[in-house]
Structure formats: C-alpha cells, structure tokens
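Down below is the structure, laid out as structure tokens.
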Amino acid sequence: MSQTQPKPRYRGVFPVVPTIFDERGALDLEGQKRCIDFMIDAGSEGLAILANFSEQFLLADEERERLTPLILDHVAGRVPVIVTTTHPSGRICAERSRRAQEAGAAMVMVMPPYHGATIRFGEAAIHDFYRTVSDAIRIPIMIQDAPVAGTPLPAALLARMAREIEQVAYFKIEVPFAANKLREVIALGGAAIEGPWDGEEAITLMADLEAGATGSMTGGGYPDGIRQVTDAWFAGDKEAAAAAYQRWLPLINYENRQCGLLAAKVLMREGGVIACDAPRAPLPPLHPATRAGLIEVARRTDPLVLRWGR
C-alpha cells in the first residue's frame, strides 16, 4: 500500500452545531434553523451535529430522530454534514448510522464504546464495534478520539482499523499531545488515513496543521475566523496562517479554557442569531462575568456572529 496520503473527500472547517433550546429547555427548531444558516454564511465548509458540544448526552432518542432530518433537510446540500451516532452498543450505533446515511449524512462520527467512568472495552471489542458500524453503511466513519470516553486508542490500533475496516477513514484527535498522535497515525496508516483532523475548539490548530491535519472540528461561533487560518495554510502561506491564528487565539483560548460548549450559543444570542442561549439542565449557564468576558474578547476580532442577526 502506498504511504502517500490520499486527497480527502472532506477537509477544512466543520464546526459543531449547538442544539438550540428555549427557556423551558425544549427544542427551539426555528432557532436551530437560524443557527444553521448563520454557520453556513460564516464560512463553514461542513457541519457536525449531535456531538458532545451539541449537548447530545442530554437529548432523548426521539429528539435525535427529529433533529437529524430537520437539520439535513434545512442544509439541503449546501455543505456536507457529519452526524454523531455514538452509542456503546455496536448494533444500536450501526442502526443510528444507517438512519443518518438515509437522511443524507456525509459521514458519521463515533466515539469508542464506553459507559460511565469505569466500563471500558479492549482493543478486539473496539475493532469489532467499528466493523459492525462499517458493515451497515456506505459513508465514512470518523473515529472521535476524545478524553470523555476514557478509552485508550493507540495510534497503532487506529491505523490498523483504517487499513482493515472499509469505512474507517477519518480521525478527530483531541487527546493531549494531539499533534504527536496525528503524526504517528499518519505514519502508520499511510493512504488509509484519509482525514486526520484537529478538535478542541482549535486550541492546538497550528501544531495539528503542522503535523498533517486536513480538517478541524471547532466550536460553532466563529468559523469565519478559523477559515482565515486554514485557508491560508492550505494555500501554502504559513506566515499568513500564523498571523491569523495570533489574531484569533485570545478568543479561541477564552472559549476553550473558560466557556466550553456554551460559547457558541452565547455569541449567537449576542448577535441576534438565536433568542435563547441556555444549556439544558443540569448544565449551568455561564457566569455573567465569564459571559461578558467572552463577548468583550470576541468584539476585538469582529466575528460575523455578532453582526449576522442585527
């Protein structure tokens, strides 16, 4: 097998779409559509839905089944959409993935099977799990290598699954020292690694691009800012990419270290994209001082999110 990386089907900035709720914690479907329209207008090259930053762990199965076709129908092919279908059961994850494919998903993103703080599975079971999902679909699988799963996924295992399991081709690496792991996965997997991707709100973006990342899955608040970095990088202008990253790094850092998954919705509400930025309980809202700090930092870069709905 050639060790040259193939040209990926999908690359660039694919932010996570937050799930929009009203003040009572119910789904706000009209707000969800406005969120999608903003994110596409802001330059998202694709979208990821029902991810952890979408509060997927607080959604009922029935809500997932409502949101997936609603979002895909509203996107209407404007950009490719990755649907997160994570579940510890390979059978259930495969069925979720098949339904996502039928609704128009371009890819599914799946964490390794786990439950709670202590239930984990060995490498053979993880391999079988992803093969079960792959056998059910014809679209690529992105393996999400995230600390929240607490499951070690050695680079050698990821590369072997890419070689041996048909649809496993993309990898979102968001563990500590992500750049080193990206390099190792690319070196071990060669042409089977179609999409080595960055995560964690782009806090490690420059190092990950240097390591060979071809995509980034960020928060949804300012894809226009992240595009300034990645567009320059993929055009071969590393100095312009670095300069853009320096401009946006204070906001990236504030999101990653102070706000987490609430940042995108706070910015969207401030800019009139959505009417309510509340998370679903038991997640608490941002502290008012943290919220004010996020908006102050964001205003220095003038992202579209603060102007789109005004």
Dipole of the range 12-303, positive direction: furthest Cα of I71, W233, A178, with charges on the beta-carbon: A178
Magnitude of the charge dipole, the range 105-225, Cβ model with Lys/Arg +1 and Asp/Glu -1, debye to 20: 300 debye
Within the range 37-102: Cβ-based charge dipole about Cα centre, in debye rounded to nearest 20 (Lys, Arg +1; Asp, Glu -1): 280 debye
Cα-centred dipole magnitude for the range 12-303, charges only on beta-carbon of K, R (+1) and D, E (-1), debye, nearest 20: 300 debye
Highest average packing first - 105-118, 278-291, 166-179, Cβ atoms within 10 Å: 166-179, 105-118, 278-291
Sorted by Cβ neighbour density within 10 Å, fewest at the top, the residues I82, I137, I143: I137, I143, I82
Lysine pair count for the chain [Cα-Cα under 21 Å; pairs on different chains or 8 or more apart]: 5
222 nm mean residue ellipticity, helices alone, for the chain (DSSP H n ≥ 4; -39,500 (n - 2.57); rounded to 500): -13500 deg cm²/dmol
Amide H within-cut-off set for M107, under 5 Å, with H built and near neighbours excluded: V81, V83
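Readers should treat all values here as calculations from the given coordinates under stated rules, not as data from a laboratory. Computed from a predicted model, the values in this text were never measured in an experiment. Backbone-built Cβ (ideal geometry, glycine too); neighbour counts: all protein chains shown.
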